[in-house]
Amino acid sequence: MEPTVVERQIGRHTLRIETGRLGRQAAGAALVQYAETVVFAATVTGPPREGTDFFPLTVDYREKAYAAGKIPGGFFKRESRPTTKEILTMRMIDRPMRPLFPEGFYDEVLIQAMCLATDQEHDPDVLSSIASSTALCLSGLPFEGPVGTVRVGYINGDYVLFPKLSEMAGSTLELVLSGHKDGVNMIEVSASEVSEEVAAGAIEYGMQFIRQICDMQEELRRKAGKPATWAAPAPDTSLHAKVRELAASRIREAKRITGKVERNTAMEAVYESVLGALSPEDAENPPYERDAVKRMLDTVEGEVVRKMVLDEGVRADGRGPRDIRTITGEVGVLPRVHGSAIFQRGETQSLVVATLGTGRDEQVIDGLTEEYSKKFMLHYNFPPLATGEVKRVGAVGRREIGHGALAEKSLEAVLPTVDKFPYTIRLVSEIFESNGSSSMASVCGGTLALMDAGVPIRHPVAGISIGMFSEGSKRKLVVDILGEEDHFGDMDFKVAGTQRGITGIQLDLKTRGLSQETIVESFALAKEARIKILREMLSTTLKAPRPDISRYAPRILTIKINPEKIGRVIGPGGSGIRGLEADTGATIEISQDGTVMIACLDADGAQRARDAIEGITQEVKVGKVYSGKVIGTKDFGAFIEIIPGQDGLCHISELSDEYVRNVNEVCKIGDPMKVKVIAVDEQGRVKLSRKAVLLEEKEKAGAGDGRER
């Protein structure tokens, strides 16, 4: 069977999509190539499990080490658990695909994507999304795609499609955008305080290429795709009518209760009452299946919440569409840690703790590109207690990794440069209470914790989430969404930034697509809201970073030495640097360019280490007098160490201003001796003179006697 191929020039290179060569037993498979980066994706499907009331879509993405000509590290020499980058890519694939499956489709669907080759210039993540969408289009599943995904940079005032990794260092914006012919349905942004206009322009720019990529997938589906066979089950109108009759008014009353716990208790009573009426547990043949009634209750609850917002402008906790919940903050809440803060917005609470470390605490990232290290990390934890639930406590999940990554990139843009603040920084956000947008609470709490730790951030950052409810031609945006508004609404549009511009965006969409007009309106609302939050944070909690870091944080001093003198500091077999660390209690790190970083909990120890290194690496100057120490004697003179690791010869004729028969008459090993450097030859050998020092001292003494007379 010959493979089917579609090719088109997209940006600077040809995008090639192929099917029919690899993975032919899968329901759908695609091989995507852009420049010299190649990604494969396949989808397989199975019947729904009994009792399933949700769409069980699973996405797995892996980067093979061989794709970059590498052999995996570690003992087993093979790829193991997914990296953070791979997990974030899985989420990036999942989020735009999931909403494009019809309601009531509960078949098992697995998407597997993998990078097979990389030129280490074009990130395979966006290509894996294109390959996954193509595989779904070819599979015969009821997928309402295709979806196109692009990366857009903003370099020197111009938008760049599929920028190279080497170009991204000069980009003030990184946009990953997914969409289809009807609009945008996923946005990820990391930016350096760009304006709303620049961000909106990047989205509009990317969409023109997304439509071209979708056309390519449609062409391939016409040539090689399987026909869709799934048909949606007929809706149970009688059950819907009964549930509405029994529950709608009671749900509306419960939704007007302000507190989350009290509101949930009231809703549980409604659910139990309706279940008891339509599917009693003790009945042998109840009128309706219990799971079907639960699903219909969820549907009716969503309808009530939607109508309250659209028709009355009233939300579940009684707020208006643009109202932000009460905000409070507190800093310095924990002793001994380097920085801490509690940020509370309504019933969402984040405790963020900052830790300052040295270069040895940097995280080493080994992926398909060259190994590099990170000096800033934000880790997000969401324990079951945050929602008052009993759940299994296990490893960190994909959601926690995704939320932490969003908060991390939202704050990274305002951190000081390494030359101004050479610390490794770790933030940990512990979510102790949650009712919507805990990732944005982590951004706000992270700003406060950084300032409490004395990190001189350029500008404070805040974040907010914008939601949307729509029905027919009606549409309403709401600010600072609750958890249930996230569940029943059409979008969760998180925007973080400073008063100057945007630093991070993440859009999750449940409806089919989002227009450019709605995106621009959401940006305007988010800006207005984050300015309010920043004003509240700065006026009531902490106005600016503390002038100094915690006394429990290591003191870091940075000096620059001649790279040729690095060996002197390190010493034979590392003995020199180990001795310095033992004597001063400092940790010393030396870069190849001669940058020396000295870290010590004791400021005095850091200073002593600095003084010692400066002494070791100082340049010997002709004409300068040094207080040295005799380290060796010969018949022809004495060897004097004038600075650590640097000695010179004082010839016997230069040991005294009088005649010297034997060197040992003047000095022995270990004696202190003042000497003057009289010459340094081409080979770097230093010639010293004690006689010159003695003559100068006698001359000064004589001049002083003359003045007295």
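The values are calculated or read from the model by the stated rules, or taken from the named source; none is laboratory data. Worth saying up front: this structure is predicted, and the values here are computed from it rather than measured. Note that each Cβ is placed from the backbone with ideal geometry, even for glycine, and that neighbours are counted across all protein chains shown.
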Item to complete: Test ASP215 against the criterion of being under 30 Å from GLY20 (Cα atoms), of a type outside the set (A, V, I, L, M, F, W, C) and at pLDDT 95 or above, and give yes or no.
Response: yes
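For the structure I just gave you, tell me whether GLY153 is touching a Leu at 6+ places or on another chain (Cβ under 7 Å), assigned to a strand (DSSP E or B), surrounded by fewer than 24 Cβ atoms within 10 Å (Cβ to Cβ) and of a type outside the set (Val, Ile, Thr). Steps first, please.
On the way: touching a Leu at 6+ places or on another chain (Cβ under 7 Å): yes; assigned to a strand (DSSP E or B): yes; surrounded by fewer than 24 Cβ atoms within 10 Å (Cβ to Cβ): yes; of a type outside the set (Val, Ile, Thr): yes.
Answer is yes for this residue.
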Worksheet item: Is at least one residue of the range 84-103 aromatic (Phe, Trp, Tyr) and either buried (at least 20 other Cβ atoms within 10 Å of the Cβ) or within 30 Å of ARG295 (Cα to Cα) (or both)?
Response: yes
Discussion item. Going by what's in this entry, would ARG325 be described as surrounded by fewer than 20 Cβ atoms within 10 Å (Cβ to Cβ), in contact (Cβ under 8 Å) with a residue 40 or more places away in the chain, assigned to a helix (DSSP H, G or I) and not aliphatic (A, V, I, L, M)?
Written reply: no
Practice prompt. Specify the residue that is farthest from SER410 (Cα to Cα); the eligible residues are those in the range 434-475 that are hydrophobic (A, V, I, L, M, F, W, C) and in a loop (DSSP other than H, G, I, E, B).
Written response: ALA453
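Among the residues of the range 90-101, is there at least one that is assigned to a helix (DSSP H, G or I) and among the acidic types (Asp, Glu)?
Taking the range 90-101 first, the residues assigned to a helix (DSSP H, G or I) are 90-100.
Of the ones still in play, those that are also among the acidic types (Asp, Glu) are 94.
There is at least one residue in the range 90-101 that is assigned to a helix (DSSP H, G or I) and among the acidic types (Asp, Glu).
Taking the range 495-523, which residues are out of contact with any Asp or Glu (no Cβ under 8 Å at 6 or more places or on another chain) and buried (at least 17 other Cβ atoms within 10 Å of the Cβ)? Please lay out each step first, then the result.
Within the range 495-523, the subset out of contact with any Asp or Glu (no Cβ under 8 Å at 6 or more places or on another chain) is 495-496, 499, 504, 514-515, 517-519, 521-522.
Result: VAL495, ALA496, GLY504, LEU514, THR518, ILE519, SER522.
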Practice prompt. Kindly list, by first and then second residue, each pair from a residue in the range 387-402 that is within 15 Å of GLU430 (Cα to Cα) to a residue that is of a type in the set (Phe, Trp, Tyr), limited to pairs with Cβ atoms under 6 Å and residues at least 6 apart or on different chains.
Written response: GLU400/TYR380; GLU400/PHE382
Discussion item. Tell me whether the range 205-221 contains one or more residues that are touching a His at 6+ places or on another chain (Cβ under 9 Å), surrounded by fewer than 16 Cβ atoms within 10 Å (Cβ to Cβ) and closer than 25 Å to MET186 by Cα.
Written reply: yes
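Only one residue in ASP490, ASP480 is buried (at least 16 other Cβ atoms within 10 Å of the Cβ) and out of contact with any helix residue (DSSP H, G or I) (no Cβ under 8 Å at 6 or more places or on another chain). Which one?
Details: ASP480 fails: out of contact with any helix residue (DSSP H, G or I) (no Cβ under 8 Å at 6 or more places or on another chain).
Testing whether each residue is buried (at least 16 other Cβ atoms within 10 Å of the Cβ) and out of contact with any helix residue (DSSP H, G or I) (no Cβ under 8 Å at 6 or more places or on another chain) leaves just ASP490.
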Practice prompt. Please state which of the following conditions VAL184 fails to meet, knowing it meets all the rest: (1) in the same structural domain as ALA131 (by TED's automatic domain parsing); (2) touching a helix residue (DSSP H, G or I) at 6+ places or on another chain (Cβ under 8 Å); (3) β-branched (Val, Ile, Thr).
Written response: (1)
Discussion item. Against the definition (in the same structural domain as GLY339 (by TED's automatic domain parsing), crowded, with 24+ Cβ neighbours inside 10 Å, at pLDDT 90 or above and not polar (S, T, N, Q)), how does VAL461 come out, yes or no?
Written reply: yes
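Going by what's in this entry, would ASP635 be described as exposed (fewer than 12 other Cβ atoms within 10 Å of the Cβ) and free of Cβ contacts under 8 Å to residues at least 40 places away in the same chain?
Working: exposed (fewer than 12 other Cβ atoms within 10 Å of the Cβ): yes; free of Cβ contacts under 8 Å to residues at least 40 places away in the same chain: yes.
When the stated conditions are applied, ASP635 passes them.
When the residues of the range 533-545 are narrowed to those that are surrounded by fewer than 17 Cβ atoms within 10 Å (Cβ to Cβ) and in contact (Cβ under 8 Å) with a residue 60 or more places away in the chain, which ends up farthest from GLY201 (Cα to Cα)?
Taking the range 533-545 as the starting set, the residues that turn out to be surrounded by fewer than 17 Cβ atoms within 10 Å (Cβ to Cβ) are 535, 539-540, 543-544.
Right, trim to in contact (Cβ under 8 Å) with a residue 60 or more places away in the chain and you get 540, 544.
Details: THR540: 36, ALA544: 33 Å.
Checked the range 533-545; the qualifying residue farthest from GLY201 (Cα to Cα) is THR540.
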